Amino acid sequence: MSATTPQHLAAPALPAILPVPKERGRFAGFIYRHPTIFVGGVLIGLMILIALLAPYLGTKDPTALAPSKRTREPSALYWFGTDMLGRDVYSRTMYGSRVSLAVGFSVAVCASVLGTFIGLVAGFVRVLDAVVMRAMDGLMSIPPILLAIALMALTRASVQNVIVAISIAEFPRVSRLVRGLVLSLREQPYVEAAIASGTRVPAIIWKHILSNTLAPLMVQATFICASAMITEATLSFIGAGTPPTIPSWGNIMAEGRALWQVKPYIVFFPAIFLSITVLAVNLLGDGLRDALDPRLAKRL
Amino acid sequence: MIAERPLLEVNGLKKHFPIRGGWLGGITANVYAVDGVTFDINRGETLSLVGESGCGKSTVGKAILRLFKLTDGEVYLAGERIDTMRAGRLRMMRKRVQVVFQDPFSSLNPRMRVRDIVAEPLINFGMAHGRKDLNDKVAALMEKVRLPRDAIDRFPHEFSGGQRQRIGIARALAPGADLIVCDEAVSALDVSVKAQIVNLLADLQDELGLALLFISHDLATVEHLTHRVAVMYLGKIVELADRRTLFATPHHPYTRALLSAVPVPDPTAKRQRIILKGDVPSPIDPPSGCRFHTRCPFVFDRCRTEEPALRPVGDKHLSACHLDEVPGDKLLPHAA
């Protein structure tokens, strides 16, 4: 086989990942059949808008201290009140959505890419399979939160490090899913027919294996996204995640914890936003799973 | 004068699948899926490979397609040995042998449009020059398998089983193959569609001079389109003959049993059925001697110890049974 990229790799257009959105005319029918996708999608869209438009939503500097105005109750001036240092909880919550969404989406992408690569290797290179998958089992036997805490303890607190730590904790699940899919897909008659019609190995992996892995992979990615958001908040809450200078929902809750009994709103508002976001992502994931393949429910 | 070599020659083909077990993953046993099979196919000829499920007939088909390495034996395609051929050269040889699978649902990639499925071999073998040429060739193939032109922009799930099988045939025809392996190609279809596909294959054979290796468990279907028949039992060919010879004067007791099981569309017909007792023995631990001795109604001592060779019993008629040793032997009771 030549080292240069075979010409036919570039020629055919990739098949559409999701044939579903093609039915644009039946948009209403699609929402009717999959309400969870709609609700989840709208809520996530809203959160993304909040994160992008945080400076324009009537917010103040989320890190500005105002000791004279500490622990104010929610009012017309301070919608969600102020915390023990006089910072505006509303502004902090709005800006905090940036951290949660960035961590959730980044981890979903990183863990999916890494997990897919490892899963493909394990599924195709039978010699490495046992070794690689036992290593993945080992990683999975440690609760993700503990693994992330341990990894964070080794490094400096920063959003990037949080993303890396949670990705390492989450990718073994993806690799296990992809390996299983590869093992079943490579035995499919259409793969055998592709081999018989002279398709080279990279094209088989790309056109016949990966394209059929995408649907379950996307579903898995949404669940990882939700789980990563919770892990990030947990890490920040126990002080092992996002540095306290950056407002994140976990940080806000951690700082409000001491005043929980007298000033519950400091914890309440970021907690509500976190719950809604995670719920929205999970709804989207559930909906996608049902829309793409009902049988998948058993595999995940 | 040297006669032209057959298109496909298979000599002593063996494929054993190892069973791994134990905590070190060592080989604990072998599945003797195909254990020494020899036959050939001429250009434009149909050879049917029939037998019960699990007898290794599909493994023979996949071995010819080189979907795995053989345990032993030789396969020649148009005089060139393909079982030991290196991957690079083999890839170009592949356009001469194509395959149509049994299950019309799993044999087409659900995420590819029909156009891309049929175009894939054309692109792989560099047989299309530019986008327009490719489209023309795909359209011509659709016409050959009698599918509407607008089918090319659809996904496989939009078609019925028979239509999908036509798409599979179009893909197999695309690279201009000399030999098409039909691995139970019509078994999953209902009777009327089955007849359409069988007729389509027969027409295409006449038109293009294709050779077919038709793998099937259904003798009634085979009778309609084959030139020769090879009957397999537990990884071996037990009888090989012209269609007429085999259907009129079957020699091997297993062939007789198979033929007596073919349904006859006449409810009043009185027939003597040979009902085989028990199941096919496991190919992991095949019986000693003749592999059929555990179920053969005519078994005698020699069958249990000595394996019968495939020997000629008539004009181009081979059978592997000790009862055939003396030509015209009266020991053989006529069952049918």
Relative contact order for chain A, counting Cα pairs under 8 Å that sit 6 or more residues apart, in percent: 25 percent
C-alpha center-to-center spacing [the range B:201-224, the range A:143-197] in angstrom: 47 Å
Quotient of C-alpha Rg and 2.2 N^0.38 Å, computed over the range B:248-336: 1.17
Of B:Lys144/B:Lys236; B:Lys69/B:Lys277; B:Lys57/B:Lys144; B:Lys57/B:Lys194; B:Lys95/B:Lys316, pairs whose Cα-Cα distance is over 26 Å: B:Lys144/B:Lys236; B:Lys69/B:Lys277; B:Lys57/B:Lys144; B:Lys95/B:Lys316
Rg and Dmax [Cα atoms of the range A:197-300; Å; Rg one decimal, Dmax integer]: 19.8, 72
Reference-scaled alpha-carbon Rg (2.2 N^0.38 Å with N residues) for the range A:226-275: 1.04
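Give the total of Lys-Lys pairs in the range A:32-299 with Cα-Cα distances below 29 Å; include a pair only if its members are 8 or more places apart or on different chains.
Lysine pairs meeting the criterion: 4.
Which whole-number percent gives the relative contact order of the range B:248-336, counting Cα pairs below 8 Å spaced six or more residues apart?
27 percent
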Distance in nm between pseudo-label sites at A:Asp290 and B:Ser53 (7 Å out along the Cβ direction from Cα): 3.4 nm
The range B:204-286, relative contact order in percent, only Cα pairs under 8 angstrom and at least six apart counted: 22 percent
Unit Cα scatterers, Debye sum, the protein assembly as shown: log10 I(q)/I(0) for q = 0.07, 0.08, 0.11, 0.12 Å⁻¹: -0.61, -0.74, -1.10, -1.22
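Can you compute the FRET efficiency between B:Leu90 and A:Glu187 using 1/(1 + (r/R0)^6), with r the Cβ-Cβ distance and R0 = 30 Å? Round to the nearest 0.05.
0.90
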Value of [θ]222 nm, deg cm²/dmol, for the protein assembly as shown, DSSP H segments ≥ 4, -39500 (n - 2.57) each, nearest 500: -14500 deg cm²/dmol
Computed label-point distance, nm, for sites A:Leu85 and A:Ile48 using a 7 Å Cα→Cβ extension: 3.2 nm
Label-to-label distance, nm, for residues given as B:Ala261 and B:Thr28 (7 Å Cα→Cβ offset): 3.0 nm
The range A:48-100-the range B:265-313 distance, computed between alpha-carbon centres (Å): 85 Å
Largest to smallest principal axis extent of the C-alpha atoms in the range B:251-299, angstrom: 41, 19, 15
5 angstrom amide H check on B:Tyr233, placed H, neighbours 5+ away: B:Val238
Phi-based couplings in Hz for the range B:50-67 (Karplus 6.51, -1.76, 1.60; Gly and Pro marked x): 10, x, 5, 5, x, 8, x, 5, 5, 4, 4, x, 5, 5, 5, 7, 6, 7
Relative pair counts by distance (%), Cα atoms of the range A:32-299, 5 Å bins: 1, 6, 12, 14, 15, 14, 12, 9, 7, 5, 3, 2, 1, 1, 0, 0
Cα-based convex hull volume of the range B:79-198 per residue, rounded to whole Å³: 115 Å³
Using alpha carbons only: equivalent-ellipsoid semi-axes of the range B:28-77, gyration tensor based, whole Å: 21, 14, 9
Debye-sum result for the range B:92-152 in log10 I(q)/I(0), which assumes one identical scatterer on each alpha carbon, at q = 0.18 Å⁻¹: -0.72
Average projection area in nm² (convex hull over Cα atoms of chain B, one quarter of hull surface): 21.1 nm²
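Counting Lys and Arg as +1 and Asp and Glu as -1, each charge on the Cβ, what is the dipole of the protein assembly as shown about the Cα centre in debye, to the nearest 20?
1320 debye
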B:Ala220-A:Leu57 FRET efficiency (beta carbon distance; Förster radius 60 Å; 0.05 resolution): 0.20
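Throughout, read-outs are computed from the coordinates displayed, never taken from laboratory work. What you are looking at is a predicted structure, and each value in this text was computed from that prediction instead of being measured. Glycine also receives a Cβ, built like all others from the backbone with ideal geometry; neighbour counts cover every protein chain displayed.
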